[in-house]
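See structure below.
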Amino acid sequence: MSARRSLLFLLALVLGIAACGERTRLEHLPREAVVLAFGDSLTYGTGAAEAESYPAQLESLIGRHVVRAGVPGEVTAAALERLPATLDEYAPRLLILCIGGNDFLRRLGNTQAEHNVRAMIELARHRGIDVLLIATPEPGVFPSPPAFYAAAAKDLHVPYEGDVVTEVLKDARLRSDPIHPNAAGYRVIAERVAAALKKNGAL
């Protein structure tokens, strides 16, 4: 009986280790932790005042310092080049990555965007930085995010918020123009990101 119990314990241990290797949960963020919100104009807060951007509103919701590192008009290739120095500068515990919209607007191809998004996630993870991925929609009659976002999040085991930007941009009350939220829209994004952080163990 003891041998059987030992075998069952060993099996449970192996399964537990395997599950941990595939987990998408985030490490708990201490109060002094830095969160890096990284991306394009959606992160910069185009369409609202700086204090109304989603990183600024997220900071007040989660009680951690959130760096607003958004560059309007930036494509994923440029973001990938910018990311290492930005990580060096701020040494974040968590990266919130929201990028891709300008690739879609400029029709640069989803293959390139997917490659760059995956590379940014892998770069952060290699440095021991957790990642939360936020999808942005492709423009069209029925805008929706490309499937590669969900695939990247699944393959690389990072938490994923795939709907909020699309939902905000579909609601005229939450937009400042067809591709940017207003202050209320950024509030919705901040609230949804805060909820994702709590759900996945960061808060």
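Looking only at region 184-200, which residues are in a helix (DSSP H, G or I) and open to solvent by less than 30 Å² (accessible area, probe 1.4 Å)?
The initial filter retains those residues of region 184-200 that are in a helix (DSSP H, G or I), namely 184-199.
Passing the criteria: 185, 186, 189, 190, 193, 194, 196, 197.
So in region 22-81, with the set limited to residues that are hydroxyl-bearing (Ser, Thr, Tyr) and not in a helix (DSSP H, G or I), which one is surrounded by the most Cβ atoms within 10 Å (Cβ to Cβ)? Walk me through it before giving the result.
First, pick out the residues of region 22-81 that are hydroxyl-bearing (Ser, Thr, Tyr): 24, 41, 43-44, 46, 53-54, 60, 76.
Going one step further and asking which of them are not in a helix (DSSP H, G or I), we end up with 24, 46, 53.
Working: 24: 16, 46: 18, 53: 27.
It comes out as 53.
Any residue at all in region 121-136 that's open to solvent by less than 30 Å² (accessible area, probe 1.4 Å), modelled with pLDDT of 95 or more and part of a helix (DSSP H, G or I)?
Yes, some residue in region 121-136 is open to solvent by less than 30 Å² (accessible area, probe 1.4 Å), modelled with pLDDT of 95 or more and part of a helix (DSSP H, G or I).
Take the residues of region 82-109 that are part of a loop (DSSP other than H, G, I, E, B) and either closer than 17 Å to residue 145 by Cβ or open to solvent by 30 Å² or more (accessible area, probe 1.4 Å) (or both): which is modelled with the lowest pLDDT? Break it down into steps so the answer makes sense when it comes.
Initially, region 82-109 is screened for residues part of a loop (DSSP other than H, G, I, E, B), giving 91-93, 99-100, 106-109.
Subsequent filtering for residues that are either closer than 17 Å to residue 145 by Cβ or open to solvent by 30 Å² or more (accessible area, probe 1.4 Å) (or both) retains 91, 93, 99-100, 106-109.
Working: 91: 98, 93: 98, 99: 98, 100: 98, 106: 96, 107: 95, 108: 96, 109: 91.
Result: 109.
The values are calculated or read from the model by the stated rules, or taken from the named source; none is laboratory data. In this text the structure is predicted, and so the values were computed from the model without any measurement. Here Cβ is always computed from backbone atoms with ideal geometry, including for glycine, and neighbour counts include all displayed protein chains. Side chains are part of the model used for accessible areas, which takes the heavy atoms of the whole protein and leaves out ligands, DNA and RNA. Shrake-Rupley method; radii C 1.70, N 1.55, O 1.52, S 1.80 Å.
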